[in-house]
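Student: Pasting in a structure now, in structure tokens, and then I'll have a few things to ask.
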Amino acid sequence: MTGEEYAGKHRRAGAGAIGVPRWSSGLPAPSSGLPAPSSGLPARSSGLPARSSRPLAAQVVVIAKEPVPGRVKTRLTPPFTPAQAAALAEASLVDTLAAVAATPVTRRVLALDGTPGRWLPGGFDVIGQRGAGLDERIVWALADAQETLAVPLVLIGMDTPQVTSGLLAAAAEPLVSDTADATFGMAEDGGFWLLGLRKIDPALVLGVPMSQPDTGSRQLARLERAGLRIRRLPELIDVDTAAEAEHIAAVTPGSAFATCLTRLRYGAAVAGAVAR
């Protein structure tokens, strides 16, 4: 989720809606052998039912990178090649955007580092990222989204393809009903996968060390010190390692992510058979 110079434009995704280059989102065939790792990770509940089909007066913001080989999921290399890691990142983004698209909220936003591709469904406003560190990019993504629509926001990344529309609705509803000032989801690796806020205050996020084993606890402590009413969401696993990829694919059969990993395994098996 590295930043780039802010474009300063909000664009609605859809047929003919944004004049941006398109690139193929077909998952690339694997170019090298790939061992099938065993996760050994416990199963996690990935969803909660939405309380109502009526749209919530809230917006969900996805902060993400364009899935370009060598720029995404670098911790998956090895055992995956950069192209394979990018394919898994794209599949993870596809599943994430599908969950957001199915969430009953009034607005969906993609804060993107890069160029939208065919993986982007309709119904999203696309904004550029700005800021240096991840803390700044999170703050500005939330602030820029709320500047154009003054309703509560829920922010997630592209690393939890097991997220569901029910979970996202459960994160937005307390903010809309004013029963919470913030919603928060810890990640198993010590980070966080979701941050929801009724109102944006940069001091709630700026300066929190990101991508550290204690990032989640530090971010939660920042919210608590501000005296906010916080609603916790279930802990989820981020896709950072091959073991985590195996686990998430196992608990999301039929997803784009699971399908992608299966294709990579098949390709590795074929390559191994040919080599023999």
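Student: Given the options ARG71, ARG75, name the one that is in a loop (DSSP other than H, G, I, E, B) and over 15 Å from the mean Cα position of the chain (by Cα).
Tutor: Just a single option satisfies the conditions, and that option is ARG71.
Student: Which residues, taken from the range 248-263, are of a type in the set (Gly, Ala, Ser), out of contact with any helix residue (DSSP H, G or I) (no Cβ under 6 Å at 6 or more places or on another chain) and on the phi < 0 side of the Ramachandran plot?
Tutor: Within the range 248-263, ALA250 is the sole residue that qualifies.
Student: How many residues, within the range 162-214, are closer than 20 Å to ILE248 by Cβ and of a type in the set (Ser, Thr, Tyr)?
Tutor: Total satisfying the criteria: 3.
Student: Go through ALA91, ALA64, ALA43, ALA83 for me and flag whichever is more than 15 Å from the chain's Cα centre (by Cα), at pLDDT 95 or above, among the small types (Gly, Ala, Ser) and closer than 23 Å to THR259 by Cβ.
Tutor: Checking each option against the conditions leaves just ALA83.
Student: Using beta carbons and a limit of 8 Å, which pairs, at least six apart or on different chains, have the first residue in the range 81-101 and free of Cβ contacts under 8 Å to residues at least 40 places away in the same chain and the second one surrounded by fewer than 24 Cβ atoms within 10 Å (Cβ to Cβ) and part of a helix (DSSP H, G or I)?
Tutor: Between residues of the range 81-101 that are free of Cβ contacts under 8 Å to residues at least 40 places away in the same chain and residues that are surrounded by fewer than 24 Cβ atoms within 10 Å (Cβ to Cβ) and part of a helix (DSSP H, G or I), the close pairs are PRO82/THR74; ALA85/THR74; ALA85/LEU76.
Residue-by-condition table, conditions (1) within 17 Å of the chain's Cα centre (by Cα); (2) of a type in the set (S, T, N, Q); (3) at pLDDT 95 or above; (4) surrounded by fewer than 22 Cβ atoms within 10 Å (Cβ to Cβ):
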site	(1), (2), (3), (4)
LEU97	yes, no, yes, no
ARG107	yes, no, yes, yes
LEU142	yes, no, yes, no
ILE156	yes, no, yes, no
ALA182	no, no, yes, no
ALA187	yes, no, yes, yes
PRO202	no, no, yes, yes
VAL205	no, no, yes, no
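Student: Before we move on, is GLN212 within 20 Å of the chain's Cα centre (by Cα) and free of Cβ contacts under 8 Å to residues at least 40 places away in the same chain? Don't jump to the end; show me each part of the working.
Tutor: Values: within 20 Å of the chain's Cα centre (by Cα): yes; free of Cβ contacts under 8 Å to residues at least 40 places away in the same chain: yes.
So GLN212 passes the test.
Student: Within the range 113-131, is even one residue surrounded by fewer than 21 Cβ atoms within 10 Å (Cβ to Cβ), among the charged types (D, E, K, R) and under 30 Å from SER177 (Cα atoms)?
Tutor: no
Student: Now for a different question. Please work out if ALA169 is in a loop (DSSP other than H, G, I, E, B), at pLDDT 95 or above and within 14 Å of VAL60 (Cα to Cα).
Tutor: Spelling it out, it is not the case that ALA169 is in a loop (DSSP other than H, G, I, E, B), at pLDDT 95 or above and within 14 Å of VAL60 (Cα to Cα).
Student: While we're on this one: So, in the range 107-147, how many residues would count as being polar (S, T, N, Q) and more than 18 Å from ILE200 (Cα to Cα)?
Tutor: Matching residues across the range 107-147 total 1.
Here is a yes/no grid of residues against (1) out of contact with any strand residue (DSSP E or B) (no Cβ under 7 Å at 6 or more places or on another chain); (2) part of a loop (DSSP other than H, G, I, E, B):
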site: ALA180; (1), (2): no, yes
site: ASP189; (1), (2): yes, yes
site: MET210; (1), (2): yes, yes
site: SER217; (1), (2): yes, no
site: LEU220; (1), (2): no, no
site: ASP238; (1), (2): no, yes
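Student: Looking at the range 208-252, which of the residues that are among the hydroxyl-bearing types (Ser, Thr, Tyr) and under 13 Å from ASP189 (Cα atoms) is surrounded by the fewest Cβ atoms within 10 Å (Cβ to Cβ)?
Tutor: SER211
Student: Pairs needed: first member in the range 230-242, of a type in the set (A, V, I, L, M, F, W, C); second member anywhere, surrounded by fewer than 16 Cβ atoms within 10 Å (Cβ to Cβ) and in a loop (DSSP other than H, G, I, E, B); C-beta distance under 6 Å; at least 6 residues apart or different chains.
Tutor: Taking only residues 6 or more apart or on different chains, the pairs are ALA242/PRO37.
The values are calculated or read from the model by the stated rules, or taken from the named source; none is laboratory data. None of these values were measured; they are calculated from a predicted model. No Cβ is skipped: glycine too gets one built from the backbone with ideal geometry, and neighbour counts run over all protein chains shown.
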